[in-house]
Structures are given as C-alpha cells and as structure tokens.
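Worksheet: one structure, shown below.
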Amino acid sequence: METRINIHELEPKAFQAMLGLEGYITATDLDPSLKKIIKIRASQLNGCAYCIQMHTEQARKAGETEHRLYALAAWKESPLFSKLERVVLAVTEEITLISDRGLSKETYKKALVVLGENRLAQCIMQVVTINAWNRIAVSTNLVHD
C-alpha cells in the first residue's frame, strides 16, 4: 500500500477538531458497548481495516465476545443482539449508507422510542464521528501497527 499524506501532521487543527468530537462522544451517557458496536459496524461498511482492527481490539479488552464480534456483520440474522442494539445498528447502517435512503422514518421512530431524544442525538453523533474517522483512514491509507 502506498504512503499517503498524514493529516495529523499537515493539518493539526483539523485533527484536533476530530479529537474534540471524540472527546464529546466519550463523555456522553450512551452505553460504551453501544459506542463500540457502532464504531465496528460503520467501519465494516466503510471497509476501514484500520478502524476495524482498533475497535475490535478495544471491544475485546472491554469484554466483548469473539462470537458477537464475528456475528456483527450479520446482526440482522443473529440472535446475539438485543432490541436496543438492533435499533442502534439499524441507525448506524442507514446513516453510514446515507446515499441509499438516509435514516428512514421507521428506523428514526423506533430509535426515538428506544433511545429517547438525547441518546438518539448522541448515537447519531457517534455514527457521524466514526464515519469521518473512517474516511480519513481509508483516504490516507492509514495502517494499524
């Protein structure tokens, strides 16, 4: 894989802004396990190997099982995910694949009931943030050590 620009070095203010978003996400009351599955699923959809590796390692350290990590790509068919997780994963997929149809009215309404307004806002921001990180990593050929 060819070496590409390093945004962190070239545009540190942009990178700091991204870290600001990440700091906000870290401080929200959205359950940490939900944050992890959002990061992993969006990264799978975006083909971001760097983020998949990083976030699956973090999830394992936090107690996530290999079984659930493997099933995440097929969560719709897997019995391993709760109603809450399924709503969050649906939101994640629809926002990540926004050009398909966006966040559907049906998914939005389900998420609003299950999460409430504030946690839905936090969920949306988590999805937006990991999608931005994925785009940085994929476009610059970022490689995980």
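Read the figures in this text as sums done on the coordinates, not as results from a lab. Since we're looking at a predicted model, the values are computed, not measured. Here the Cβ is made from the backbone with ideal geometry for all residues, glycine too, and neighbour counts use every protein chain on show.
Summary of values
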{"quantity": "Long-range tail of P(r) for the chain (Cα pairs > 19 Å, %)", "calculated": "53"}
{"quantity": "GluC sites (Glu not before Pro) within region 18-79, DSSP loop, no more than 11 other Cβ atoms inside 10 Å", "calculated": "Glu77"}
{"quantity": "Over 26 Å (Cα to Cα) - which of Lys35/Lys110; Lys39/Lys110; Lys35/Lys83; Lys13/Lys105; Lys36/Lys76; Lys39/Lys105 fall in this group", "calculated": "Lys13/Lys105"}
{"quantity": "Cβ-isolated cysteines (cut-off 4.7 Å), the chain", "calculated": "Cys123"}
{"quantity": "Pair Asn141, Ile98: separation of 7 Å Cα→Cβ label points (nm)", "calculated": "2.8"}
